[in-house]
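Trainee: Structure incoming, see below.
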Amino acid sequence: MSVVKKSPWILHYDGTSCNGCDIEVLACLTPLYDVERFGIINTGNPKHADILLITGSVNEQNIPVVKQLYEQMPDPKAVVAVGICATSGGIFAECYNVVGGVGKVIPVDVYVPGCAARPESIIDGVVKALDILEVKRKKR
Amino acid sequence: MAEQILKEISANDLLAETLKIKNDGYRLVAVTCTNKDGMELTYSFDKDHELLNLRILTDTETELPSISIIYPYSFLYENEIKELFGVKITGIMPDFNDSLYKIPVKTPFQMND
Amino acid sequence: MGNRTIVPFGPQHPVLPEPIHLDLVLEDERVIEAIPRIGYIHRGLEKLVEKKDYQQYVYVAERICGICSFMHGMGYCMSIESIMEVEIPERAKFLRTIWAELSRLHSHLLWLGLLADAFGFESLFMQSWKLREQILDIFEETTGGRVIFSVCEVGGVKKDISSETLNKMKEVLTAMEKELKEAAAVFLNDSTVKLRTKGVGVLSREAAFELGAVGPMARASGIEMDIRSQGYAAYNQLDFKPITDQGGDCYARTKVRIGELFQSIDLIRQCIAIIPDGEVKRKVTGNPKGEHFTRLEQPRGEVLYYAKANGTKFLDRVRVRTPTFANVPALLETLKNCSLADVPILILTIDPCISCTER
């Protein structure tokens, strides 16, 4: 996939999100926001993906899952943390089973704020990730 | 609003009381545990929107029988309480042996911080 | 006897945005047993009551789940109001009911879309979610949020809806009803859709009762159980009768939920017709002391809120028993003896909300 310039495929993983950001990620795919017009497709296979979208924070049990998904993705790749939980743990930061933001486990390129993040800002975050992908591609 | 009945029973009567309730046609709504000055378990049952609660005051030392032989679907509630609160519930079918949620801290609801 | 294999399902699976893991024990193509492994999304937010006071906790309760967010906030507020014996203003009750029914609309439409996606009907998925956006627009106009509104508080609601907006809402819903009928016809009459749902995952009335199923899952098996008939909020002033079906299969569950879509629109219309004027919140002072069990009907079924307060601003305990938690045993039962290809549809058919379940 890395030869295609501007049609990134997305892999979505839900950490410990409350679903609020997840359904907004899905809403991006539907007719009103329709990210497919940018060539963006949601895939279920990490080996096809260029951008990893993570919603929600990480906990002990899903850290290996997140790491594995990230490692399976081909280079160059970018990570977009969607929502405040993926950024820092948000309202749940003090919970006993929450480790914190996704940044504690894998390198994050773009942070999308919001609780829940709006579709517009998610799309914006993905577009930002495109530039980062471009830089990473040139470095190789 | 329908009425809420709260009945305090001893741990020994749990199975007998539950069986009676089951035979009366109630369904199990939830099992709730509260940890404040000792453990407090509440078994909630429903029939025609009437909520019936059985309450047991216990501690983490006493062994409690599982009601999963009467209400098989109680296993999730009981596994949760066993893992998060450390109440010794015996004979849960199936018993996840404290790995339902697989949390890094042991019995988090016992700590008071 | 065929070959036995174990197929892992999840936690990252395209059909479900949420992480749940099942070990499916297969004999050839048949599922013999499904062993759940949860905990990927467990946060432990019930323990947060020790750190957030009872008014701040509304925000936590709303974030138990982003889909039924409003009703979680409402359930929590109702239990605190019962403990404090606060009677909220009539108008607030109606506003809560309107938002709750709108939440049901958006949740059921979301579910219909995901179901269509699970059996590979992409355009139907898009159609359902397109309809859903209209509800989200209403949310945004009335509360400012699309998925999490933070409009409920102990003592009432934070925002009022003007009568112009209510009338506009009525128009939007009437127009939507027509489009809904078209989409519903595909779900209920299309022969290819019926092939995937009819007779799949049958749950008998007895089994549904024995396994403690709630919500549309129980109603599709013929159990007339709907907490709304208890008459909380404004439901006691509305004409309401639970929708049931005798089929017990995926088709029946789809039918019940589609029926509830139209019912919700009808309930909102009834609310708009008789909503009284007045205040929308009551000032709440002091701290709660006591305990209360509150139940209400979420899109996925009955939810139970238990709150125990000790007279300080920090509660002793908040416990939430969410509908998916109660429906998991029924799901495991229906998965037995189904074919591997039907697993995604069966999992979706209980309308799972893992975030609710694990909290």
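Computed from the coordinates by the stated procedures, all read-outs in this text should not be read as laboratory data. Predicted model, so just to flag it, every value in this text is computed and none were measured. Glycine gets a Cβ as well: all are built from the backbone with ideal geometry, and neighbour counts include every protein chain shown.
Trainee: Going by amide H atoms built from the backbone, whose H comes under 5 Å of the H on C:His21, apart from near neighbours?
Mentor: Those qualifying (amide H under 5 Å, at least 5 residues apart or on another chain) are C:Arg37.
Trainee: A further question on this structure: Can you tell which of B:Gly86, B:Ile5, B:Phe75 lies farthest toward the positive end of the dipole of chain B, using +1 and -1 charges on the Cβ of basic and acidic side chains (Lys, Arg; Asp, Glu)?
Mentor: Toward the positive end, the furthest listed residue is B:Phe75.
Trainee: What percent does the relative contact order of region C:43-348 come to when contacts are Cα pairs within less than 8 Å and at least six residues apart? Walk me through the intermediate numbers first.
Mentor: Details: 522 pairs, mean separation 79.6, N = 306.
It rounds to 26 percent for region C:43-348.
Trainee: Moving to a separate point now. Only counting other Cβ atoms within 10 Å, I'd like A:Cys115, C:Cys250 sorted with the fewest neighbours first.
Mentor: On the way: A:Cys115 21, C:Cys250 26.
Going from sparsest to densest Cβ surroundings: A:Cys115, C:Cys250.
Trainee: Local charge sum around B:Ser99 (other residues, Cβ-Cβ under 15 Å, Lys/Arg +1, Asp/Glu -1)? Could you put the intermediate results ahead of the total?
Mentor: Numbers: positive: B:Lys82, B:Lys102, B:Lys106, C:Arg37; negative: A:Glu60, B:Glu78, B:Glu80, B:Glu83, B:Asp95, B:Asp98, C:Asp23, C:Glu358.
Within the 15 Å Cβ shell, the charges total -4.
Trainee: What are the ³J(HN,Hα) couplings of region B:8-17, residue after residue, when phi is run through the Karplus curve with 6.51, -1.76, 1.60 and θ = phi - 60°? Round to Hz, x for glycine and proline.
Mentor: 8, 10, 8, 4, 5, 8, 3, 5, 4, 5
Trainee: Calculated from DSSP H runs of 4 or more alone, at -39500 (n - 2.57) each and per residue, what is the 222 nm mean residue ellipticity of chain A, nearest 500?
Mentor: Details: 4 runs with 46 residues, N = 140.
Calculated from helices alone, the mean residue ellipticity at 222 nm is -10000 deg cm²/dmol.
Trainee: Another question, if that's okay. What share of the DSSP beta bridges in region A:9-139 is antiparallel, in percent to the nearest 5? Walk me through the intermediate numbers first.
Mentor: On the way: 1 of 17 bridges.
About 5 percent, rounded to the nearest 5.
Trainee: Give the Rg/Rh ratio for region B:4-90, taking Rg as the radius of gyration of the Cα atoms and Rh as the Kirkwood radius, to two decimals. Write out the running numbers ahead of the final one.
Mentor: Working: Rg = 12.0 Å, Rh = 12.9 Å.
Reported Rg/Rh (Cα atoms, Kirkwood Rh): 0.93.
Trainee: Output the antiparallel fraction of DSSP beta bridges having both residues in the protein assembly as shown, as a percent to the nearest 5.
Mentor: On the way: 52 of 76 bridges.
Rounded to the nearest five, the antiparallel share is 70 percent.
Trainee: If you plug each phi of region A:11-26 into the Karplus form 6.51 cos²θ - 1.76 cosθ + 1.60 with θ = phi - 60°, what whole-Hz ³J(HN,Hα) values come out, in order, with x for Gly and Pro?
Mentor: With coefficients 6.51, -1.76 and 1.60, one gets 10, 10, 10, 9, x, 10, 6, 8, 5, x, 6, 4, 6, 6, 4, 5 Hz.
Trainee: For the pair B:Glu63 and C:Lys283, how long in nm is the line joining their label points, each one 7 Å along Cα→Cβ?
Mentor: 5.8 nm
Trainee: Return the whole-Å distance between the Cα centroid of region A:80-136 and the Cα centroid of region C:71-115.
Mentor: With region A:80-136 and region C:71-115 each reduced to a Cα centre, they are spaced 29 Å.
Trainee: Which of the aspartates and glutamates could be linked to A:Lys77 by a straight reach, that is with a Cα gap under 15 Å, when you skip same-chain ones fewer than 8 residues away?
Mentor: Once the sequence-local aspartates and glutamates are set aside, what remains near A:Lys77 is A:Asp50, A:Asp109, A:Asp131, A:Glu134.
Trainee: Return the sequence-ordered ³J(HN,Hα) values of region C:249-263 in whole Hz as given by the Karplus equation 6.51 cos²θ - 1.76 cosθ + 1.60 applied to θ = phi - 60°, using x for Gly and Pro.
Mentor: Once θ is set to phi - 60°, the couplings for region C:249-263 become 9, 4, 5, 5, 5, 5, 5, 4, 5, 5, x, 5, 4, 5, 5 Hz.
Trainee: Here's a follow-up. Starting from the amide H of C:Arg317, placed 1.01 Å from N in the peptide plane, find each other amide H under 5 Å away whose residue is 5 or more places distant or on another chain.
Mentor: Answer set, sorted by chain and number: C:Lys308.
Trainee: If you average the C-alpha positions of region B:52-100 and of region C:130-154 separately, how far apart do those two centres end up, in angstrom?
Mentor: Spelled out, the Cα-based centre of one part sits 39 Å from the other.
Trainee: Okay, moving on. Among residues other than C:Glu27 whose Cβ falls under 13 Å from its Cβ, what is the net charge (Lys/Arg +1, Asp/Glu -1)? All intermediate terms of the calculation are to be shown ahead of the outcome.
Mentor: Details: positive: C:Arg4, C:Arg30, C:Lys336; negative: C:Asp28, C:Glu29, C:Glu33.
Residues close to C:Glu27 contribute a combined charge of 0.
Trainee: Fewest first, what order do B:Thr60, B:Thr107, C:Thr244 take by the number of other Cβ atoms within 10 Å? Intermediate results must be reported in sequence, preceding the final value.
Mentor: Numbers: B:Thr60 13, B:Thr107 16, C:Thr244 20.
Listing B:Thr60, B:Thr107, C:Thr244 from fewest to most nearby Cβ atoms yields B:Thr60, B:Thr107, C:Thr244.
Trainee: Here's something else I'd like to know. Return C:Ile32, C:Ile98, C:Ile83 ranked ascending by Cβ neighbour count within 10 Å, so the fewest neighbours appear first.
Mentor: Numbers: C:Ile32 15, C:Ile98 25, C:Ile83 21.
Lowest count first: C:Ile32, C:Ile83, C:Ile98.
Trainee: I'd like to compare C:110-119, C:260-269, A:52-61: which one has the highest average count of other Cβ atoms within 10 Å, and what's the full order after that? Could you put the intermediate results ahead of the total?
Mentor: Working: C:110-119: 23.2, C:260-269: 20.3, A:52-61: 27.2.
For the peptides C:110-119, C:260-269, A:52-61, the packing ranking is A:52-61, C:110-119, C:260-269.
Trainee: According to a simple spin-label model (label point 7 Å from Cα along Cα-to-Cβ), what is the distance in nm between A:Arg37 and A:Ser121?
Mentor: 2.2 nm
Trainee: Counting only other chains, what is the mean number of Cβ atoms within 10 angstrom of the Cβ of each residue in peptide C:308-317? Before the final figure, lay out the partial values.
Mentor: Numbers: counts 5, 0, 1, 0, 0, 0, 0, 0, 5, 7.
Mean partner-chain Cβ count within 10 Å for C:308-317: 2.
Trainee: I want to check the label-to-label distance for C:Lys159 and A:Lys139. Put each point 7 Å from Cα in the C-beta direction and report it in nm to one decimal.
Mentor: Going by the 7 Å Cα→Cβ label model, 4.2 nm.
Trainee: Might you report the magnitude of the Cβ-based charge dipole of chain A about its Cα centre, with Lys and Arg at +1 and Asp and Glu at -1, to the nearest 20 debye? Mind showing how you got there, number by number?
Mentor: Numbers: 14 positive and 15 negative charges, 136 e Å.
The dipole of chain A has a size of about 660 debye.
Trainee: Here is a further query. For peptide B:26-34, what's the mean number of Cβ atoms from other chains within 10 Å of each residue's Cβ?
Mentor: Details: counts 0, 10, 2, 8, 14, 2, 9, 2, 7.
That average works out to 6.
Trainee: Using 21 Å as the Cα-Cα cut-off, could you pick out the over-long pairs in A:Lys67/B:Lys106; C:Lys158/C:Lys308; C:Lys178/C:Lys255; C:Lys47/C:Lys313?
Mentor: Numbers: A:Lys67/B:Lys106 25 Å; C:Lys158/C:Lys308 24 Å; C:Lys178/C:Lys255 17 Å; C:Lys47/C:Lys313 15 Å.
Check vs 21 Å cut-off fails for A:Lys67/B:Lys106; C:Lys158/C:Lys308.
Trainee: On a C-alpha basis, how far is the centre of region C:285-359 from the centre of region C:46-68 in Å? Whole number, if you could?
Mentor: Using only Cα atoms to place each centre, the spacing works out to 15 Å.
Trainee: Give the average, rounded to an integer, of partner chain Cβ atoms located within 10 angstrom of each Cβ in A:20-32. Please list the in-between numbers first.
Mentor: Values: counts 11, 4, 7, 12, 4, 1, 7, 7, 0, 4, 10, 6, 8.
For this peptide, the per-residue mean of nearby foreign Cβ atoms is 6.
Trainee: Which of C:Ser355, C:Gly290, C:Gln12 sits closest to the plus end of the dipole of chain C, meaning its Cα is farthest towards the positive end, when Lys and Arg get +1 and Asp and Glu get -1 on the C-beta?
Mentor: C:Gly290
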